[in-house]
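Engineer: Please see the structure below; I have some questions.
The values are calculated or read from the model by the stated rules, or taken from the named source; none is laboratory data. Quantities reported herein were computed from a predicted structural model and do not represent experimental measurements. All Cβ positions, glycine included, derive from the backbone under ideal geometry; neighbour counts span all protein chains shown. Areas reflect the complete protein model, heavy atoms only, side chains present, ligands, DNA and RNA absent. Shrake-Rupley method; radii C 1.70, N 1.55, O 1.52, S 1.80 Å.
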Amino acid sequence: MKNDKILIVGACGQIGVELTLALRNVYGSDNVIATDIRNEHPLLKGTGPYYSLNALDAVSMHELVKKEGITQLYLLVALLSATGEKDPKHTWDINMESLLQVLDLGVQEKLSKIYWPSSIAVFGPTTPTTDTPQKTIIEPRTVYGVSKYAGELWCQYYNQRWGLDVRSLRYPGLISWKSEPGGGTTDYAVEIYHEALKHQKYTCFLSENTYLPMMYMDDAIRGTIGLMEAPADKLKTRMAYNLAAMSFSPKEIAASIQKHIPDFTIDYNPDFRQAIADGWPKSIDDAAARADWGWKNDFDLDKMTADMLLHLKEKMMQVA
Ligand code: AKB
């Protein structure tokens, strides 16, 4: 409903910045309250209300929800796959405590809807790797994946036990030019565009034929809002939905960039992130999202490359 009042927790991250801007377009600037523990992102400044908030500070979050008359909450705070492995216990605490606190708040304050992102990281090496189905073997090997899978189960539990309308998507690697990614295994697919424009070369931390599911941020934002606006009775799972757009390897994204920058070169120096990527699916079957609430992607690899290079070039010229 367009008269909802939305709270975004973690608004200054890769998804948060673009989702906040998109939601402000749909619901009106004053109806979308952005919060983060970090300083306000430059792209959010002047676009609507902003508060500093630690996602683990349950008291302050509760006060803000009451003060602002919040009806929907998006919790986007997480430590991702690569960062997570450096301090597993801390990652678990951040990812799980923030979710459980928000789910309790949702029940207490009778929030109409909650959004919480999951990831392809829920899957592990025992999962079928090609066209990974919605329902399959799920044995994650990273703490990030473990926290996302446990979180999905908690979301389903709160829905079944308390009727809380909590919705979720298993994002693939997300590629964006407005906001930077941080700490993921799929981050190479953003870095490569920056390096191609700045230095015409890139050393990739994954090997050349490592296929992973990926998505342009424009599609991810449309998908997120599409899921949140879908009638509740259309949603046949309260675990997170698989969501897919494209699947490519470092060699293929390099070839796509070379169509615009022929001198661009890539070499490979795989690090610890290779083992994480090797445990994830190569491609995802998102038939359930397409059938249940009409998901459809718009961007493929070449369309995304053209758009990324165009916008990053403009951004670099503004800075210079
Ligand atoms: C990561 O690489 O950790 C994330 C993800 C796939 O959730 N981008």
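Engineer: By its C-alpha gyration tensor, with a ≥ b ≥ c as the square roots of the eigenvalues, how is the range 193-320 shaped: rounded for a/c under 1.5, else prolate for a/b larger than b/c, else oblate?
Structural biologist: Since a/c reaches 1.5 but b/c is at least a/b, the shape of the range 193-320 is classed as oblate.
Engineer: What are the lysines whose alpha-carbon lies under 23 Å from the alpha-carbon of residue 113, with same-chain residues fewer than 8 places away excluded?
Structural biologist: Qualifying lysines at Cα under 23 Å: 2, 5, 66, 67, 148, 234, 236, 296.
Engineer: Right, here's the next one. Taking the alpha-carbon centroid of each part, what is the distance from the range 215-284 to the range 6-73 in angstrom?
Structural biologist: First find each Cα centre; the distance between them is then 25 Å.
Engineer: Report, for the chain, the % of DSSP beta bridges that are antiparallel, rounded to 5.
Structural biologist: The answer is about 10 percent antiparallel.
Engineer: Please list, in order along the range 263-280, the HN-Hα scalar couplings obtained from phi with the Karplus expression 6.51 cos²θ - 1.76 cosθ + 1.60 (θ = phi - 60°), rounded to whole Hz, x for Gly and Pro.
Structural biologist: 7, 5, 10, 10, 10, 10, 9, x, 10, 4, 6, 4, 5, 5, 4, 5, x, 9
Engineer: Could you work out how much longer the chain between residue 261 and residue 233 gets when fully extended? Use 0.36 nm per residue separation minus the Cα distance between them, nm to one decimal.
Structural biologist: Gain in length upon complete extension: 5.3 nm.
Engineer: Right, next: May I ask you to give the average projected area over all directions of the convex hull of the Cα atoms of the chain, in nm² rounded to one decimal?
Structural biologist: 15.3
Engineer: Might you tell me the accessible area per residue for the chain, computed with a 1.4 Å probe and given in Å²?
Structural biologist: 43
Engineer: Whole-Hz Karplus ³J(HN,Hα) for the range 230-241, in order, using 6.51 cos²θ - 1.76 cosθ + 1.60 and θ = phi - 60°, x for Gly and Pro?
Structural biologist: Working through the residues one at a time gives 5, x, 4, 6, 7, 7, 8, 10, 10, 7, 7, 7 Hz.
Engineer: Once R0 is set to 35 Å, what does the formula 1/(1 + (r/R0)^6) return for the Cβ-Cβ distance between residue 112 and residue 57, expressed as a FRET efficiency to the nearest 0.05?
Structural biologist: Using R0 = 35 Å, I get an efficiency of 0.90.
Engineer: While we're here: Could you list which residues have their amide H under 5 Å from that of residue 246, counting only those 5 or more apart in sequence or on another chain, with H placed in the peptide plane?
Structural biologist: Long-range HN contacts for residue 246: 214.
Engineer: For the range 181-237, just say rounded, prolate or oblate: build the C-alpha gyration tensor, square-root its eigenvalues into a ≥ b ≥ c, call rounded for a/c under 1.5, and beyond that prolate if a/b exceeds b/c, oblate if not.
Structural biologist: Prolate is the answer for the range 181-237, as a/c is 1.5 or above and a/b outweighs b/c.
Engineer: How tilted is helix 14-27 with respect to the longest principal axis of the chain? Cα atoms for both, answer in degrees (0 to 90, nearest 10).
Structural biologist: Long axis of 14-27 versus the principal axis of the chain: about 50 degrees.
Engineer: From the square roots a ≥ b ≥ c of the eigenvalues of the alpha-carbon gyration tensor of the range 1-113, which class results: rounded (a/c under 1.5), prolate (a/b over b/c), or oblate?
Structural biologist: Cα axes put the range 1-113 in the oblate bin.
Engineer: Tell me, what % of the accessible area of the chain is carbon and sulfur with a 1.4 angstrom probe?
Structural biologist: 53
Engineer: Further question on the same structure: One-quarter of the Cα convex hull surface for the range 126-251, in nm²?
Structural biologist: Result: 9.0 nm².
Engineer: Can you tell me the relative contact order of the chain? Whole percent, Cα pairs under 8 Å, sequence separation 6 or more.
Structural biologist: Relative contact order for the chain comes out at 18 percent.
Engineer: Here's another thing I want to ask about it. By how many degrees, between 0 and 90 and to the nearest 10, does the Cα long axis of helix 58-68 differ from the longest principal axis of the chain?
Structural biologist: On a 0 to 90 degree scale, this one is about 70.
Engineer: Continuing with the same structure: Arrange the peptides 20-30, 71-81 so that the one whose residues have, on average, the most other Cβ atoms within 10 Å appears first.
Structural biologist: By packing density, highest mean first, the sequence is 71-81, 20-30.
Engineer: OK, next. Only Cα pairs within less than 10 Å get springs; with that Gaussian network setup on the chain, which residue of 176, 168, 112 has the largest fluctuation?
Structural biologist: 112
Engineer: In the range 158-273, what % of DSSP beta bridges are antiparallel (nearest 5)?
Structural biologist: 25
Engineer: Ok, one more. Relative to the longest principal axis of the C-alpha atoms of the chain, give the angle of the C-alpha long axis of helix 217-229, reported between 0 and 90° and rounded to the nearest 10°.
Structural biologist: Tilt relative to the chain: about 20 degrees.
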